[in-house]
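Worksheet: the structure to be examined is printed underneath.
The values are calculated or read from the model by the stated rules, or taken from the named source; none is laboratory data. Note that the structure is a prediction, hence the values are computed from the model and not measured. So basically every Cβ, Gly included, is an ideal-geometry build from the backbone, and we count neighbours across all protein chains shown. Please note that ligands, DNA and RNA were not included when accessible areas were found on the heavy atoms of the full protein model with its side chains. Shrake-Rupley method; radii C 1.70, N 1.55, O 1.52, S 1.80 Å.
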Amino acid sequence: MRSRSIPEPGLTTLGNLDLFERLGEGGRSTAYRGKREGRDVAIKVYKDLALAKHLRKMGGNLAEFEFERNRSFFQAPGLAPYVAEPIDCLVTDEYSAIVQELLVGDLYYFFRQKRGAEAVIELRPHLERIVELAHAADLFDLDMHSLNVMVVEENGTAIPKLFDFNLIPFHVRPPNPIVALLLTLGLLNPRSRDRRLLRNFDRAGKRHRKLLRYFPGS
Ligand SMILES: Nc1ncnc2c1ncn2[C@@H]1O[C@H](COP(=O)(O)OP(=O)(O)O)[C@@H](O)[C@H]1O
Ligand SMILES: [Mg+2]
């Protein structure tokens with residue numbers, strides 16, 4: 001299964017989806033605003049390289065992997081208000097994509113730039129709650145950094161929401177034998193990376209800085 005083409009912005013049709021403008025880009029996918037059965041949605045179309053890497057590391061299709069993980073988060077007790085609803089997964093010979101609830105807001109990074117440090121103080125307890133609820137449901141390695149969290153205003157309250165679920169958790173596939181050994185010996189906890197990212201949430205990490213290249217002018 002291959003995605004041979006990343007659609008051009010402008011109206012394109014993928015199966016039962018109409019694609020409009022590009023919403024953003026990450027290392028593994030490009031997201032578009034689109035319509036599905038009359039509903040405004042976000043459509044993530046995966047890059048060839050990302051599909052190939054995932055297949056090599058985990059086997060299977062990245063769109064299916066992210067869709068399932070998105071669903072596990074959405075269904076975990078208490079987490080739904082903090083998670084984009086997973087709507088559909090489409091894998092054909094031409095493309096691999098998922099359809100998600102469209103989140104209308106600002107990425108945390110830009111929200112903080114626009115509104116200032118005080119504005120993000122009220123978000124901190126929500127971020128802590130997200131990690132706590134995910135861990136209670138045995139979901140780890142959330143890849144939670146400020147370009148992977150959308151701040152959506154609901155009834156005058158700013159709520160952080162997750163939408164990126166395609167990272168293979170390090171406890172599922174350790175990046176090297178040392179990490180694998182530490183996990184087996186119980187010297188490394190699957191919660192540890194999430195706790196570190198949460199502590200450093202307002203400081204850009206290496207991966208985060210690399211991703212900033214997709215946001216011209218930032
Ligand atoms: N559900 C969504 N609603 C609105 N914008 C989205 C949504 N999903 C992704 N985006 C936009 O697309 C960008 C890339 O999506 P992301 O899921 O982070 O891709 P990757 O997995 O490649 O990192 C995000 O930074 C965001 O700007
Ligand atoms: Mg991302």
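Per this entry, Ala84 is counted among residues that are within 13 Å of ligand 2 (Cβ to nearest atom) and touching an Asp or Glu at 6+ places or on another chain (Cβ under 8 Å).
One residue is enough: does region 57-67 have a residue meeting the conditions touching a Gly at 6+ places or on another chain (Cβ under 7 Å) and surrounded by fewer than 21 Cβ atoms within 10 Å (Cβ to Cβ)? Checked against the condition, which is being touching a Gly at 6+ places or on another chain (Cβ under 7 Å) and surrounded by fewer than 21 Cβ atoms within 10 Å (Cβ to Cβ), region 57-67 yields no hits at all.
Scanning region 33-47 turns up no residue that is closer than 25 Å to His135 by Cα, within 16 Å of ligand 2 (Cβ to nearest atom), at pLDDT 95 or above and open to solvent by less than 80 Å² (accessible area, probe 1.4 Å). The one condition from (1) at pLDDT below 90; (2) crowded, with 18+ Cβ neighbours inside 10 Å; (3) among the β-branched types (Val, Ile, Thr) that Thr13 does not meet is (2). Has region 121-129 got at least one residue that is among the acidic types (Asp, Glu), away from ligand 1 (no atom under 16 Å from the Cβ) and either in contact with a Ser or Thr (Cβ under 6 Å, 6 or more places away or on another chain) or closer than 20 Å to Pro86 by Cβ (or both)? The answer is no, given that none of the residues of region 121-129 is among the acidic types (Asp, Glu), away from ligand 1 (no atom under 16 Å from the Cβ) and either in contact with a Ser or Thr (Cβ under 6 Å, 6 or more places away or on another chain) or closer than 20 Å to Pro86 by Cβ (or both). Among what's in region 16-32 and is away from ligand 2 (no atom under 16 Å from the Cβ) and surrounded by fewer than 17 Cβ atoms within 10 Å (Cβ to Cβ), pick the residue that is modelled with the lowest pLDDT. Of everything passing the filter in region 16-32, Asn16 is modelled with the lowest pLDDT.
Could you pull out the residue among Glu153, Glu94 that is assigned to a strand (DSSP E or B), more than 16 Å from ligand 2 (Cβ to nearest atom), farther than 15 Å from Ala42 by Cβ and open to solvent by 40 Å² or more (accessible area, probe 1.4 Å)?
Numbers: Glu94 fails: assigned to a strand (DSSP E or B).
Among Glu153, Glu94, only Glu153 is assigned to a strand (DSSP E or B), more than 16 Å from ligand 2 (Cβ to nearest atom), farther than 15 Å from Ala42 by Cβ and open to solvent by 40 Å² or more (accessible area, probe 1.4 Å).
Residue-level check: of (1) within 16 Å of ligand 1 (Cβ to nearest atom); (2) closer than 30 Å to Ala52 by Cβ; (3) surrounded by fewer than 18 Cβ atoms within 10 Å (Cβ to Cβ), Arg173 misses just (1).
Checking Ala136, Ala119 one by one, the residue that is closer than 30 Å to Arg22 by Cβ and among the small types (Gly, Ala, Ser) is Ala119 and no other.
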